[in-house]
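Everything on this sheet refers to the single structure shown next.
A short reminder: the numbers here are calculations on the coordinates, not readings from a lab. A quick note: this is a predicted structure, and the numbers were derived from the prediction, not measured. All Cβ positions, glycine included, derive from the backbone under ideal geometry; neighbour counts span all protein chains shown.
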């Protein structure tokens, strides 16, 4: 087998971007999507997905948010990196998580792409979530409390 430049003989993780859209004001809500496809088909999750090779991390987050909810936002804040082994069933995946705060009365999210449904849920008591999105929401709650 011919060696290619910059190809290594060890596994490479995949990288994803996830976006937490939190409502302004109190009580806080979080916008979630119901996944249409496996893994976790039918489960609630943050909008997000795999980063394309030719885009920045933030551009990927914006693209995934648009693709799955029809929304765009002016401001995104990176809130953490989540990469524990086993966080998802598709192999080693590292996620860059972002947060945006919005006024729910001023937006109209719609399920698109691989989202079967979108909905607002209590940030303090969300439904059971896919992947490690409960950990991401814990980071969101901590950031919003600051």
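Mind pulling the angle between the C-alpha long axis of helix 57-69 and the longest principal axis of the chain? Nearest 10 degrees, somewhere in 0 to 90. Taking Cα atoms only, the helix is inclined about 60 degrees. Structure remark: mean-square fluctuation, Gaussian network model of the chain, C-alpha springs under 10 Å; the largest value among 126, 39, 11 belongs to 11.
Hey, with R₀ at 41 Å, roughly what FRET efficiency would residue 75 and residue 38 work out to, going by the Cβ-Cβ distance, to 0.05?
Values: r = 32 Å, r/R0 = 0.79.
Calculated transfer efficiency: 0.80.
A Gaussian network model of the chain, with springs between Cα atoms under 10 Å, assigns the largest mean-square fluctuation among 81, 21, 30 to 81. Could you check which residue among 113, 103, 54 shows the biggest mean-square fluctuation in a GNM of the chain with a 10 Å Cα cutoff? Top of the fluctuation ranking is 54. Between (i) 29; (ii) 37; (iii) 23, which matches percent of Cα pairs over 24 Å apart calculated for the structure shown? For percent of Cα pairs over 24 Å apart, the calculated option is (i). Segment residue 9..residue 59, full-extension length gain: 15.1 nm, with 0.36 nm per residue of separation and the alpha-carbon distance subtracted. Helix 133-145 and the longest principal axis of the C-alpha atoms of the chain enclose an angle of approximately 50°.
Which residues in the range 99-125 place their backbone N less than 17 Å from a point set 7 Å from the Cα of residue 28 along the Cα-to-Cβ direction? Those under the cut-off are 99-104, 120-125.
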